[in-house]
Amino acid sequence: MAEPRVLHVITDPRARGAQRLARDLHAELLRRGGPSELTALHPHRDADPADPTPVLGPSRHHPATLRALRRAAARADVVVAHGSSTLQACALALFAARTPFVYVNIGDPRHWTASPARRLRVGALLHRAAVVAAISPHAAEVLRERFRLPARRLRTLPNARPADRFRPAADPAERAAARAALGLPADGPLIAWVGALSPEKRPDLALAAHAALPAGTHLALAGEGPLRAGLAPGPGVHLLGPLADPAPLYRAADLLLLTSDSEGVPGVLIEAALAGLPAVATDVGWVSDVVRPGETGLLVPPGDPAALAAALRTLLDDPAARAAHGAAARAHARARFDLDVVTTGWQDLLREVAAR
């Protein structure tokens with residue numbers, strides 16, 4: 001039987017969050033010989049202007065966007081909607097269409113459906129999907145309970161990244177070269193923070209935690225967003241802006257810091273773990289799927305910069321423990337979150353949905 005024709009739908013052409021998983025899954029399906037297309041609902045001013053991803057319309061729910069989505073879906077056997085903005089678009093555009101869609105739930109639905117009205121609306125949209133794919137078994141349970149989705153309509157398929165793209169630094173010389181290429185100091189501990197500079201990611205906590213660390217400790221923040229203008233970085237803080245490829249930063253760093261108030265299973269944690277970096281992270285969403293306390297990193301309560309600083313000091317002050325955590329993080333990520341492993345599960349699901 002031929003592999004099903006798959007259309008991946010992302011919100012916009014930026015390379016972040018749900019878009020990264022969609023891009024990687026699309027590329028891997030193509031590499032395996034399956035027919036796969038990738039399209040975005042609308043453009044974004046922060047997207048790479050050279051990115052070839054086609055855009056369907058002017059905004060996510062514009063009538064022209066929805067009509068173009070329906071036409072594109074007619075050429076596919078299965079549509080995969082990546083991220084919350086694509087859920088409503090696919091539910092509307094594919095109403096009474098022959099092509100089923102799979103919705104990939106990336107974030108924590110308890111966070112983005114806090115109000116009863118929003119919960120009802122999102123629940124109705126979720127029931128339009130042929131399958132809802134959750135990136136954690138804990139997320140699948142929340143979706144089942146919160147929206148009364150039957151078990152047959154739920155699947156657990158982890159977030160994933162290609163292991164070969166996020167390899168550790170081979171030696172100190174490669175780590176030094178990575179720092180130099182990013183304009184970072186050659187000496188001193190380096191903490192990496194990667195994400196959107198937005199309220200839920202709490203870059204302010206990263207700055208506060210760093211300020212409590214010994215002088216000579218560096219913090220590199222990679223990302224862009226609405227909070228950028230209001231950040232007041234102190235000594236040893238380096239604002240790198242958005243990175244098309246964060247892998248060199250992971251090779252340059254000693255630790256990853258995640259300070260979010262809300263997450264699903266963050267891709268940056270997987271990327272850093274594949275690169276052999278232990279993490280200090282807030283215990284939100286399903287971060288603990290990646291960061292196993294005392295084994296692959298340390299978890300602290302959200303919103304507590306003093307606890308973040310203490311956890312960072314614990315690992316920075318003990319190079320042997322840091323190395324052991326990093327090796328365990330890489331082994332865990334390769335076993336559970338490597339794209340090669342996860343794509344096989346996706347192929348099984350796509351064949352099943354196309355055959356219904």
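Summary of computed values
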| item | result |
| --- | --- |
| Output for the range 111-129, where each listed residue is open to solvent by less than 20 Å² (accessible area, probe 1.4 Å), part of a loop (DSSP other than H, G, I, E, B) and of a type in the set (Gly, Ala, Ser) | Ala129 |
| Residue match in the range 292-299 (condition: under 19 Å from the mean Cα position of the chain (by Cα) and modelled with pLDDT under 95) | no |
| Qualifying residue in the range 36-58 (condition: among the acidic types (Asp, Glu), closer than 23 Å to Pro242 by Cβ, without any contact (Cβ under 8 Å) to a residue 40 or more places away in the chain and out of contact with any Cys (no Cβ under 9 Å at 6 or more places or on another chain)) | yes |
| Ala139 being under 30 Å from Asp51 (Cα atoms) and crowded, with 17+ Cβ neighbours inside 10 Å | no |
| Inter-residue pairs, beta-carbon under 6 Å, first on the phi < 0 side of the Ramachandran plot and outside any helix (DSSP H, G or I) and in the range 22-35, second at pLDDT 95 or above and of a type in the set (Lys, Arg), 6+ apart | Pro35/Arg5 |
| Flag for Gly264 being assigned to a loop (DSSP other than H, G, I, E, B), at pLDDT below 95 and open to solvent by less than 10 Å² (accessible area, probe 1.4 Å) | yes |
| Selection count, the range 267-283, where residues are crowded, with 24+ Cβ neighbours inside 10 Å and either in a loop (DSSP other than H, G, I, E, B) or small (Gly, Ala, Ser) (or both) | 8 |
| Test: residue in the range 335-349 that is part of a helix (DSSP H, G or I), closer than 29 Å to Gly225 by Cβ and small (Gly, Ala, Ser) | no |
| Among the candidates Leu213, Leu219, Leu190, residue that is under 20 Å from Pro319 (Cα atoms) and free of Cβ contacts under 8 Å to residues at least 40 places away in the same chain | Leu219 |
| Test: residue in the range 148-164 that is without any contact (Cβ under 8 Å) to a residue 12 or more places away in the chain, outside any loop (DSSP other than H, G, I, E, B) and closer than 21 Å to Cys90 by Cβ | yes |
| The range 50-91, subset part of a loop (DSSP other than H, G, I, E, B) and over 29 Å from Leu154 (Cβ atoms), residue most open to solvent (accessible area, probe 1.4 Å) | Pro52 |
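So that you can scan it fast, the table gives a plain yes or no per residue for (1) over 22 Å from the mean Cα position of the chain (by Cα); (2) open to solvent by 50 Å² or more (accessible area, probe 1.4 Å); (3) more than 16 Å from Gly241 (Cβ to Cβ); (4) at pLDDT below 95:
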residue	(1), (2), (3), (4)
Pro162	no, no, yes, no
Ala173	yes, yes, yes, no
Ala177	yes, yes, yes, no
Pro185	yes, no, yes, no
Gly188	yes, no, yes, no
Trp193	no, no, no, no
Ala196	no, no, no, yes
Pro199	no, yes, yes, no
Arg202	no, yes, yes, no
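The values are calculated or read from the model by the stated rules, or taken from the named source; none is laboratory data. Keep in mind that this is a model prediction, so the values were computed, not measured. All Cβ positions, even for glycine, are placed from backbone atoms using ideal geometry, and neighbour counts span all protein chains on display. Ligands, DNA and RNA are excluded from the accessible area calculation, which covers all protein heavy atoms including side chains. Shrake-Rupley method; radii C 1.70, N 1.55, O 1.52, S 1.80 Å.
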